[in-house]
Amino acid sequence: MNPSFLPSRRKVLQGLGAAAAATAFPRYAYAADPLKIGLILPMTGPFASTGRQITAACKLYLQTHGDSVAGRKVELIIKDDTGLAPETTKRIAQEMVVQDRITVLAGFGLTPLAFAAAPVATEAKVPMIVMAAGTEVIPQRSPFIVRTGFTLPQNTAPVALWAAQNNIKRVFSLVTDYAPGHDSEKTFVNRFKAAGGTIIEAVRTPLRNPDYAPFLQRAKDSKADALFVFVPSGEGLAVMKQFEERGLKQTGMKMIGPGDVVDDDILVSIGAPAVGVITSMHYSAAHDSPENKAYVAAMTKANPGMRPNFHSVGGWDGMHLIYEAVKKQPNGNGQQLVEAMKGMKWTSPRGPMMIDPATRDVIQNVYLRETRMVNGEPWNIEFAKFENVKPSGDL
Ligand code: PHB
């Protein structure tokens with residue numbers, strides 16, 4: 001047990017106010033202390049699919065790898081932050097540190113929520129595993145953050161290159177107006193232009209209650225060769241509906257982007273309109289590997305009707321990272337666990353991945369995919385691979 005643990009928890013405690021402080025007091029950990037993983041996720045609201053996917057993957061990890069590691073009983077504590085309220089995420093993180101005495105914070109479905117929790121991880125000195133949020137700067141917000149998901153630059157750069165090399169000259173860009181959208185837009189615009197392409201217009205849609213119809217009409221009127229889209233997972237259905245209803249595909253306009261718009265969670269619901277979309281992404285449920293076949297089979301069996309998406313592997317690999325770090329440092333404090341995570345490499349259902357020791361961020365393969373009908377269902381079929389893509393998206 002690390003004595004420096006106590007003052008840091010006290011600081012967080014002060015942030016909670018006197019009433020909460022009276023009921024929670026630090027105590028010493030010992031060898032058999034449970035490994036408590038505090039998962040903060042949107043379980044309700046427009047981004048509930050992220051929470052559903054990640055909790056399903058974390059629970060499956062526990063079922064298949066056992067509910068104890070290095071002699072410590074593993075407990076998952078899951079709380080709903082509703083997806084759009086950073087103050088709620090921060091409060092839950094504080095409560096998990098002080099009252100639940102979690103060992104690790106994890107989850108974080110959207111960037112503003114990860115930003116909100118980062119200072120809590122720093123003060124409490126607990127590892128914070130970002131399983132979903134994808135803005136590049138996130139790990140810089142706390143030395144205790146380690147990411148197992150992806151970054152938007154990573155998932156955008158390959159499709160920018162593909163577009164420039166595949167006779168796409170003029171692009172209309174549409175992104176959600178918040179940090180990951182800005183990351184994705186910047187990566188696409190810079191790389192596509194550098195490769196000789198032209199951006200006709202770059203529009204941004206609100207995160208809350210977006211109406212894609214007027215933007216897609218403008219895209220149609222622009223007569224671009226392609227529509228570049230980034231929207232956070234869960235929103236793809238609404239975008240694809242408008243793309244279909246306004247007949248953009250019939251004009252010959254290609255839809256391209258990072259893979260969030262054709263997220264596996266909603267792809268079957270989107271159906272035929274998704275066919276022909278070209279995306280780059282670190283994970284497809286159709287990824288052809290024994291690890292992924294086993295993963296998809298187990299996830300589908302445990303969660304009938306659910307196809308695992310890219311957020312689910314962020315959760316699965318986050319659990320792997322925590323288990324492996326605890327094996328190396330069975331009673332390690334937060335700092336020691338983060339150190340143990342740095343440089344770790346393994347084969348995920350997505351393919352090979354590693355935690356960059358310098359940035360605590362994920363380095364992984366990113367695949368180009370085309371959405372195709374296979375046996376009557378749409379799947380994102382990988383057709384090219386960029387190996388070991390850095391969080392910055394440098395190829
Ligand atoms: C994010 O808010 O960082 C985020 C959420 C969902 C995505 C991608 C990025 O699909």
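With everything on Cα atoms, drop me the angle between helix 5-16 and the longest principal axis of the chain, reported from 0 to 90° to the nearest 10.
Rounded to the nearest ten degrees, it is 70.
How far is the Cα center of region 363-395 from the Cα center of region 27-100, in Å?
29 Å
Just the number, please: percent antiparallel of the DSSP beta bridges in the chain, rounded to the nearest 5.
Within the chain, antiparallel bridges account for around 40 percent of the total.
Going down the list LYS301/LYS328; LYS220/LYS241; LYS36/LYS73; LYS193/LYS254, which pairs span over 20 Å between their C-alpha atoms?
Flagged as over cut-off: LYS301/LYS328.
Take the solvent-accessible surface of the protein heavy atoms, probe 1.4 Å, and return the percent of it on the chain that carbon and sulfur atoms account for.
Looking at the chain in its full context, I get 52 percent from C and S.
Determine how large the accessible area of GLU324 is when every protein chain is in place; take a 1.4 Å probe and give Å² rounded to the nearest 10.
Counting only protein heavy atoms, GLU324 exposes about 50 Å² to solvent.
Kindly express, to the nearest 10 degrees and within the range 0 to 90, the angle between helix 213-222's C-alpha long axis and the longest C-alpha principal axis of the chain.
40 degrees
Evaluate E = 1/(1 + (r/R0)^6) for GLU387 and LYS241, where r is the Cβ-Cβ distance and R0 equals 30 Å; express this FRET efficiency to the nearest 0.05. Numbers along the way, then the final one.
Numbers: r = 35 Å, r/R0 = 1.17.
The computed FRET efficiency comes out at 0.30.
What do you get for the angle between helix 236-245 and the principal long axis of the chain? Use alpha-carbon atoms, 0 to 90 degrees, nearest ten.
That helix lies at roughly 10 degrees to the long axis.
Once the Cα gyration tensor of region 325-389 is found, what semi-axes does its equivalent ellipsoid get, as square roots of 5 times the eigenvalues, in whole Å, sorted largest first?
Calculated on Cα positions only, the semi-axes equal 34, 14, 8 Å.
State, to one decimal in nm, how far the label point of ASP177 lies from the label point of THR300, with both points 7 Å from Cα in the Cβ direction.
So the label points at ASP177 and THR300 sit 4.1 nm apart.
Go ahead and estimate [θ] at 222 nm for the chain from helices alone: -39,500 (n - 2.57) per DSSP H run with n ≥ 4, summed, over the residue count, rounded to 500.
Here the helix-only value at 222 nm equals -12500 deg cm²/dmol.
So, R0 is 35 Å and r is the distance between the beta-carbons of SER289 and ALA195; what FRET efficiency does that work out to, to 0.05?
Computed FRET efficiency for SER289 and ALA195: 0.70.
Return the FRET efficiency for the residue pair GLN336, ARG170: r is the Cβ-Cβ distance, R0 is 45 Å, and the value is rounded to the nearest 0.05.
For R0 = 45 Å, the calculated efficiency reads 0.30.
Excluding TYR367 itself, calculate the net charge of residues whose Cβ lies under 15 Å from the Cβ of TYR367, where each Lys or Arg counts +1 and each Asp or Glu counts -1. Provide the component values of the computation, followed by the final result.
Details: positive: ARG350, ARG369, ARG372, LYS385; negative: ASP260, ASP263, ASP264, ASP288, GLU291, GLU370, GLU382, GLU387.
Its environment carries a net charge of -4.
What translational diffusion coefficient, in µm²/s and rounded to a whole number, does the Stokes-Einstein relation yield for region 36-139 at 37 °C and a viscosity of 0.692 mPa s, taking the hydrodynamic radius as the Kirkwood radius over Cα pairs?
Details: Rh = 13.6 Å.
Diffusion coefficient, whole number: 241 µm²/s.
If you take every residue apart from ALA163 with its C-beta less than 15 Å away from the C-beta of ALA163, what net charge results, scoring Lys and Arg +1 and Asp and Glu -1? Before the final figure, lay out the partial values.
Numbers: positive: LYS169, ARG170, ARG191, LYS193, LYS254, ARG369; negative: GLU185, ASP225, GLU370.
Within the 15 Å Cβ shell, the charges total +3.
Relative contact order of the chain, please, whole-number percent, based on alpha carbon pairs below 8 angstrom and at least 6 residues apart. Each step should come with its number before you reach the end.
Working: 858 pairs, mean separation 70.1, N = 395.
Reported as a whole number, the value is 18 percent.
If I model a spin label as a point 7 Å beyond the Cα along the Cα-Cβ vector, how far apart are those points for GLU75 and THR44 in nm?
2.4 nm
At a probe radius of 1.4 Å, what is the per-residue accessible area of THR64, in Å² to the nearest 10?
Number for this one is 80 Å².
Give the accessible surface of the chain per residue, rounded to a whole number of Å², with probe radius 1.4 Å and ligands, DNA and RNA excluded.
Accessible surface, normalised per residue, equals 37 Å².
Once you have the Cα-Cα distance between THR64 and ASP221, take 0.36 nm times their residue separation minus that, and quote the gain in nm to one decimal.
Value of the extension gain: 51.4 nm.
Taking just the C-alpha trace of the chain, give me its Rg and Dmax in Å.
21.0, 66
With every protein chain left in place, what is the accessible area of ARG208 in Å² (1.4 Å probe, nearest 10)?
140 Å²
The values are calculated or read from the model by the stated rules, or taken from the named source; none is laboratory data. Model, not experiment: these values are computed from the prediction. Reconstructed Cβ throughout: ideal geometry from the backbone, glycine too, with neighbour counts over all protein chains shown. We work out accessible area using only protein heavy atoms, side chains counted, and drop any ligands, DNA or RNA first. Shrake-Rupley method; radii C 1.70, N 1.55, O 1.52, S 1.80 Å.
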